[in-house]
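Contents: one structure, followed by commentary.
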Amino acid sequence: MPMRYVDYVKLNYKPAKQDLICEFYMEAGKGKSLKEAAGAVAAESSVGTWTAVTTAPAGIGKLAAKVFSIKGNYIKVAYPIELFELNNVPQIMSSIAGNIFGMKEVKNLKLLDVDFPDKLIKQFKGPLFGIKGVRKTFGIKKRPLLGTIIKPKLGLDSARHAKVAYEAWVGGCDIVKDDENLSSQSFNNFKKRVKLSLKARDKAEKETGSIKAYMPNITAETREMLRRAKFVKKEGGKYAMVDIVSVGWSALQTLREENEDLKLILHAHRAGYAAFSRNPKHGISMLVIAKLVRLIGVDQLHIGTIVGKMDTPKKEVVAIDQEIEERIIKDKSLEKRHLLEENWLHIKPVFAVCSGGLNPLHVPYLMKVLGNNIIIQAGGGIHGHKLGTRAGSKAMLDVIEGVMEGKSLAEIASESRELAVAIKQWKK
């Protein structure tokens, strides 16, 4: 008897220990029931298609994905682990987040969360450094790290880029990074920029007595990306930054494998993520992306800011922060909607990066909501300071250190001219 879409709905099914579980938000297409639409999702992402086929062997139903929960517009689907090549993220995503988004049976469909079985998690190394390793690199045990993005993001030549980086470091920044669309343009060659910026880093370290880091953007075609990573290592760099959505899962996995030898701290920029995560009813959530990059093994990941210029809802940012930082999330009570409980086993936690329209006035709130295990990155909030980049960096660091001491913004500003100027500049 051929399986119909509704046959993939098994509401009495109890997922096996090694099933991969997905939760979706779903709205049925015109003329379709929710049960039919849910079954279509399970069928298309496992062993089914739109009609009966003569090539299906007996017992193939054992490999079928099963919809085991339908509550309102939320469905949960269990996938037998045999459906996946366990160390192949592109294949996994082609299965659970492939054709299903374009099916007529669904009007809207959003992959909200994934629970990876232990057997799959064990195939991955996860972050090489993680939060503890990054903190050890800088010798900073408790406070948030402070970073900046060189602004303007495009247009500076290599020498000017390095000069701005130097000003940020001596002002108080721990980290300076390229922006997401700076690679190796005619006006700012990658190799020249790396050499000059690392030279400026060394000078700043000598003057301040603190560890500093530069994150060059190595995003490129995979082989070129690896060549750039190796160049950074050869020149004495500690970090590499990559646009994870742009390079794709295959390239990211390749970079992580190569990093076993390179031993660079990998910083993940999420440029492009909102194209498929911003719509609350359709696409793939940022939480899923965050889980995948933790699995593959980046050390730092942009998660949003709650405040600032990006549209990042508080409950989403808090949920992602917890998911990439904790070994297991059990408290699902606060609107965070940790939909599926994940046990990360040996996988190290990822350092959350807050970036996008921040200035010193945002810092107390960020630290209150997200804690101290964050990297606070400000571009315009540092380089836009009326007294210049160095003053902008100092204002940011003064706030971070002041909050760590339990001081109010007003108390910190009374001791910091740079912060007082920033408050007057950005108070509205």
Problem set entry | Search result, residues across the range 400-418 that are touching a residue at least 24 places away in the same chain (Cβ under 8 Å) and within 30 Å of the chain's Cα centre (by Cα) | Ile400, Glu401, Val403, Met404, Leu409
Problem set entry | Members of the range 259-280 that are loosely packed, with under 14 Cβ neighbours inside 10 Å, assigned to a helix (DSSP H, G or I) and without any contact (Cβ under 8 Å) to a residue 60 or more places away in the chain | Asp261, Ala275
Exercise. Counting just the residues of the range 149-178 that are in contact (Cβ under 8 Å) with a residue 24 or more places away in the chain and surrounded by fewer than 18 Cβ atoms within 10 Å (Cβ to Cβ), which one comes out nearest to Ile375 (Cα to Cα)?
Worked result: Lys153
Exercise. Only one of Asp178, Asp174 is acidic (Asp, Glu), under 30 Å from Arg417 (Cα atoms) and in contact with a Gly (Cβ under 9 Å, 6 or more places away or on another chain); which?
Worked result: Asp174
For this session: For the range 343-366, name all the residues that are touching a Gly at 6+ places or on another chain (Cβ under 8 Å) and either free of Cβ contacts under 8 Å to residues at least 60 places away in the same chain or polar (S, T, N, Q) (or both).
Result: Cys354, Ser355, Gly356, Gly357, Leu358, Asn359, His362
For this session: Out of Ser246, Ser197, Ser210, report the one residue that is hydroxyl-bearing (Ser, Thr, Tyr) and touching a helix residue (DSSP H, G or I) at 6+ places or on another chain (Cβ under 7 Å).
Result: Ser197
Problem set entry | Count - residues of the range 349-388 that are surrounded by fewer than 17 Cβ atoms within 10 Å (Cβ to Cβ) and hydrophobic (A, V, I, L, M, F, W, C) | 2
For this session: Report whether or not Val421 is within 13 Å of Pro364 (Cβ to Cβ), among the β-branched types (Val, Ile, Thr) and surrounded by 16 or more Cβ atoms within 10 Å (Cβ to Cβ).
Result: no
For this session: Working only within the range 305-326, note down all residues that are outside any helix (DSSP H, G or I) and at pLDDT 80 or above.
Result: Glu326
Exercise. For the range 1-28, which residues satisfy the criterion of being of a type outside the set (Asp, Glu), buried (at least 17 other Cβ atoms within 10 Å of the Cβ) and part of a loop (DSSP other than H, G, I, E, B)?
Worked result: Met3, Pro15
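The values are calculated or read from the model by the stated rules, or taken from the named source; none is laboratory data. Note that the structure is predicted; figures quoted are calculated from it, not measured. FYI the Cβ positions are ideal-geometry reconstructions off the backbone, even for glycines, and counts take in every protein chain you see.
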